[in-house]
Amino acid sequence: MRRDIFQAIADPTRRAIIALIALQAMTPNAIAENFNTTRQAVSKHLRILTECELVKPEQKGREIYYSLEIDKMKEIEKWLEQFKKIWETKFNQLDSLLKNLNDKKNG
């Protein structure tokens with residue numbers, strides 16, 4: 001089954017994993033220490049994040065380290081950007097309306 005990045009970030013645990021490894025690559029055991037869940041559950045989340053190419057596993061000696069795939073995160077940012085423009089327009093319209101109301105009240 002092909003998953004997409006939005007399915008991956010829909011889960012709060014996966015978002016927390018992304019936040020953890022955003023600063024530095026971590027092993028599954030190190031990641032699991034931050035959650036009140038089993039190592040197997042964390043591995044499942046890592047597998048989904050890997051399938052969606054949000055994280056990248058890298059073998060270093062006997063350990064696998066997971067790091068964040070910045071380019072995939074940019075896809076999320078790009079998608080959100082369209083909404084940011086809409087929100088900014090709405091906020092600017094609200095600011096203008098409030099300013100007009102305030103000017104009428106004080107004028």
Okay, helix-only estimate at 222 nm for the chain: each DSSP H run of n ≥ 4 adds -39500 (n - 2.57), divide by all residues, round to 500 deg cm²/dmol; what do you get?
-21000 deg cm²/dmol
Mind checking which aspartates and glutamates have their Cα closer than 14 Å to the Cα of K72? Skip sequence neighbours fewer than 8 apart in that chain.
D4, E51, E53
Assuming R0 = 41 Å, can you tell me the calculated FRET efficiency for the pair I64 and L101, based on Cβ-Cβ distance, to the nearest 0.05?
0.10
Here are a few candidate values for P(r) over Cα pairs in 5 Å bins from 0, in percent: (i) 2, 12, 25, 27, 22, 10, 1; (ii) 2, 13, 20, 23, 20, 13, 8, 1; (iii) 2, 11, 18, 17, 12, 8, 6, 6, 6, 5, 4, 3, 1, 0, 0. Which one was actually calculated from the structure I just gave you?
(iii)
Using 0.36 nm per residue of separation minus the Cα-Cα distance, give me the extension gain between T38 and I9 in nm, one decimal.
8.5 nm
Quick one: which residues, 5 or more positions from V55 or on another chain, have an amide H under 5 Å from its amide H? H modelled 1.01 Å from N in the peptide plane, none for Pro or chain starts.
T50, E69
Entries of K60/K85; K56/K90; K56/K78; K74/K99; K44/K74 with Cα pairs more than 31 Å apart
K60/K85; K56/K90; K74/K99
Provide the gained length on full extension for the span K84 to A30, in nm with one decimal, where the gain is 0.36 nm per separating residue minus the Cα-Cα distance.
16.0 nm
Averaging sequence separations of C-alpha pairs under 8 Å and six or more residues apart, then dividing by the length of the stretch 1-53, give the relative contact order as a whole percent.
53
Explain nothing, just compute: Karplus ³J(HN,Hα) = 6.51 cos²θ - 1.76 cosθ + 1.60, θ = phi - 60°, for every residue of the stretch 37-42 in order, whole Hz, x for Gly and Pro.
8, 7, 4, 5, 5, 5
May I ask you to evaluate 6.51 cos²θ - 1.76 cosθ + 1.60, the Karplus curve with θ = phi - 60°, for each residue of the stretch 57-65 and list the ³J(HN,Hα) values in order in whole Hz, giving x for glycine and proline?
x, 9, 6, 10, x, 8, 9, 10, 10
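Any read-out appearing in this document is the output of simple, stated calculations on the displayed coordinates, not a laboratory observation. Values in this document were obtained by computation on a predicted structure and should not be read as measured data. Neighbour counts are summed over all protein chains in view; Cβ atoms, including those assigned to glycine, are modelled from backbone coordinates with ideal geometry.
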